[in-house]
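Each remark here refers to the structure printed beneath this line.
The values are calculated or read from the model by the stated rules, or taken from the named source; none is laboratory data. Computed from a predicted structure; not experimentally measured. With ideal geometry, Cβ positions are generated from the backbone for all residues, glycine too; neighbour counts draw on all protein chains shown. In case anyone asks, the SASA skips ligands and DNA or RNA and just uses the protein heavy atoms, side chains included. Shrake-Rupley method; radii C 1.70, N 1.55, O 1.52, S 1.80 Å.
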Amino acid sequence: MESQVNTSNLAHDPKWQRANTLFDGARNSADIGLVGVPAFETCLSKSSANLTPDAIRAALSRYSTYSGANNIELNGLTFSDLGDIQNPDHEDGEKRVATFLKDVRKNYKLLIALGGDNSITYSVAAGLWPDLSKVSLITLDAHHDLRDGISNGSPVWRLIQSGMLGKNIVQIGISDFANSKAYADRAIENGVTVIYRDALRKRPISDVMAEALEIAGSGGREIYVDLDVDVCDRSVAPACPASVPGGISADELRQAAHLAGSDIRVRAIDITEIDSSLDTEDQRTVRLAALLVLEAAAGVAKRKN
């Protein structure tokens, strides 16, 4: 799929490659595969999250391909934009997701899935791994997502019900006054490791991610990472309907994406819960999401080195 991003109003410099150009062209195999999963129909609140994958692709044009802090040039990797999975909601949509993703783990070192709401954490993980008992999950999220039913509030519970072991799940950034005691108890009852937002005021995100990767990846298990952007403070994620004041910083989430990408056991990352139609004029939420793509890619470059 060739990039449809319009950069005609942006400055052109042959020595300053724009990050969206990394995804020009589709490849049957690559280091990184990008896919849009524009789910929104089962969202607990009205959402236009289906608009977000293309908004993130457009925001990539705002950034370069070079990480100076790590001396990493991303054009040394191979990328492929697999396009969007059409109509991914409900049972029939989830079947389309599974069919689409059938060979992804074989052909790409890392899949980055652009939501869409958080329901895609279930459909993408279940589509990638037929046996969820052998897979682990790390979520960065203000919410447990352990609700009953089918919605953006239930993907973690659905994964557990489908065979993922609670002891293989780590949740980071769970916020006060954004969850009920019933679902906090459900996390405990199922052996989920919960690292509350409060803990991140005392520990660096690098330390927390190291712990999460050690728990989730124990025994060499493959890992799925859910970056629910509403884990961030509402000032930096206004396009996330459920973000709260006092969430983690944009920089902490960027670090988490980088650390996830650098771990060979992490095979897929999703970026969810952004409704681009609600973003500020400066597009701060979708621009953060684009940086999460690039941070994860820089992490993959570290694997190669």
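For this structure, a couple of remarks:
- The set of residues in region 247-285 being open to solvent by 30 Å² or more (accessible area, probe 1.4 Å) and either in contact with a strand residue (DSSP E or B) (Cβ under 6 Å, 6 or more places away or on another chain) or aromatic (Phe, Trp, Tyr) (or both) consists of Arg265, Arg267.
- Residue under evaluation Leu34, criteria (1) open to solvent by less than 60 Å² (accessible area, probe 1.4 Å); (2) of a type outside the set (Ser, Thr, Tyr); (3) in a helix (DSSP H, G or I), criterion not met: (3)
- Looking only at residues of region 128-154 that are without any contact (Cβ under 8 Å) to a residue 40 or more places away in the chain and part of a helix (DSSP H, G or I), we find that the one that is surrounded by the most Cβ atoms within 10 Å (Cβ to Cβ) is Leu132.
- Filter result (within 25 Å of Thr280 (Cβ to Cβ), touching a helix residue (DSSP H, G or I) at 6+ places or on another chain (Cβ under 7 Å) and not hydrophobic (A, V, I, L, M, F, W, C)) within region 42-69: Ser48, Thr52, Arg57, Ser61, Arg62, Tyr63, Ser64
- When Pro238 is tested against (1) in contact with a strand residue (DSSP E or B) (Cβ under 7 Å, 6 or more places away or on another chain); (2) farther than 19 Å from Ile138 by Cβ, just one condition goes unmet, and that condition is (1).
- Criterion violated by Glu211 - all others in (1) assigned to a helix (DSSP H, G or I); (2) in contact with a strand residue (DSSP E or B) (Cβ under 7 Å, 6 or more places away or on another chain) satisfied: (2)
- Considering only residues in region 77-127 that are of a type in the set (Gly, Ala, Ser) and touching a Ser or Thr at 6+ places or on another chain (Cβ under 7 Å), the one that is most open to solvent (accessible area, probe 1.4 Å) turns out to be Ala126.
- Leu146 vs. criteria more than 26 Å from Ala182 (Cα to Cα) and under 19 Å from the mean Cα position of the chain (by Cα): no
- Residues located in region 50-98, provided they are of a type outside the set (Ser, Thr, Tyr), outside any loop (DSSP other than H, G, I, E, B) and touching a strand residue (DSSP E or B) at 6+ places or on another chain (Cβ under 6 Å): Pro53, Ile56, Glu73, Phe79, Asp81, Leu82, Asp84
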